[in-house]
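Below is one structure, written out as C-alpha cells; the observations come after it.
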Amino acid sequence: MSYYRKLKDTILSLKEVFYLSPREIWFLSFLEEAGYPLEVVKEGIKEFYLSVPPEKRHKTPLFFSFGKINQLNHQLALKKGREVKIDWKRRYMENLEKIKLYITKEDIPQEPQSEREAEEKLKHVENLLVKRLWENLSEEEKTKIIRKYLPWRKNEEIFKLMIKHEVFKLYNIKPLSLYVI
C-alpha cells in the first residue's frame with residue numbers, strides 16, 4: 001500500500017482539510033521512492049504540523065514538513081549505525097570507492113579521525129559529486145529534470161534535494177553515508 005493511503009487520514013486530520021493537493025500526493029510518492037521509512041515520514045509530518053499554529057495548518061503545504069522528515073531520518077540512521085557498531089573506516093573507504101569514477105584524487109579529503117568527521121566528509125564529497133554529475137548532464141537532461149520539479153522551485157531546500165535525488169537515480173548512486181548500505 002502506498003504512503004498516500006497509509007498517511008492520508010493522519011495528514012487530513014492534522015491539516016483539517018478534506019483532500020490533499022496533487023502536489024502533496026506527489027510529494028508523498030517522492031518520499032516513498034526516495035526510501036524514507038514510513039514511520040519517519042509519519043512522525044516528521046506529525047511533529048511539523050503540531051508546531052504550526054492550528055489556524056495556519058490548512059494553508060501550510062505538506063512539503064514544508066520535509067526539513068523535519070530529513071532531520072528524523074538522519075537521527076534514525078545515526079541511531080541504527082551506533083547500535084550495529086560499524087567499522088566506520090571501512091565504510092568510509094567503501095563509499096569513496098563507489099564514486100571513484102566521478103571524482104578526482106584532489107576531491108578526496110584527508111582521512112577522517114572520527115566517525116562523526118567521516119560522515120561530515122562524506123556529505124561534503126556528496127555535494128561535490130552532485131555538482132560534478134549535474135555538470136556532466138546534457139542540457140536536455142537538465143531541462144527535463146528542472147521541469148519535473150519546477151513546482152518546488154520556490155522552496156530551494158526541497159528543490160535541491162529533489163534534483164539531487166534525480167541525479168543520483170540517473171547514475172544509480174546511493175547517498176554517501178556510513179549508515180546507508
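Here, each number is a calculation from the coordinates, and none is a lab measurement. These numbers come from a predicted model, not from an experiment. Reconstructed Cβ throughout: ideal geometry from the backbone, glycine too, with neighbour counts over all protein chains shown.
Observations, loosely collected:
- Fluctuation leader among Val17, Val130, Val167 - the chain, Gaussian network, Cα springs under 10 angstrom: Val17
- Pairs with C-alpha atoms separated by more than 21 Å, drawn from the list Lys121/Lys174; Lys42/Lys148; Lys8/Lys59; Lys144/Lys164; Lys148/Lys169; Lys100/Lys164, are Lys42/Lys148.
- Charge-dipole axis of segment 1-85 as Lys and Arg at +1 and Asp and Glu at -1 on Cβ define it, positive-most pick from Ser13, Gln71, Phe27: Gln71
- Pairwise FRET efficiency - Asn172 versus Arg57, Cβ, R0 = 45 Å, nearest 0.05: 0.70
- Bins of 10 Å from zero: percent of alpha-carbon pairs in segment 36-135: 13, 32, 29, 19, 7, 0
- Two-decimal Rg/Rh across segment 128-181, once Rg and the Kirkwood Rh are taken from alpha-carbon atoms: 0.98
- Taking max minus min of the alpha-carbon positions on each principal axis, the chain gives extents of 53, 44, 29 Å, largest first.
- For the chain, the mean residue ellipticity at 222 nm estimated from helices alone is -21500 deg cm²/dmol, where every DSSP H run of n ≥ 4 contributes -39500 (n - 2.57) and the total is divided by all residues, rounded to the nearest 500.
- Total charge dipole magnitude, segment 1-85, about the Cα centre, Cβ charges on Lys, Arg, Asp, Glu only, Debye to nearest 20: 160 debye
- Using only alpha carbons, segment 86-181 has a radius of gyration to Kirkwood radius ratio (Rg to Rh) of 1.01.
- Using only the C-alpha atoms, the convex hull of segment 1-85 corresponds to 89 Å³ per residue.
- Mean Cα-pair separation over length for the chain, i.e. relative contact order, pairs under 8 Å, 6 or more apart, %: 20 percent
- In a simple Cβ point-charge model (Lys, Arg +1; Asp, Glu -1; nothing else charged), the chain has a dipole of about 340 debye relative to its Cα centre.
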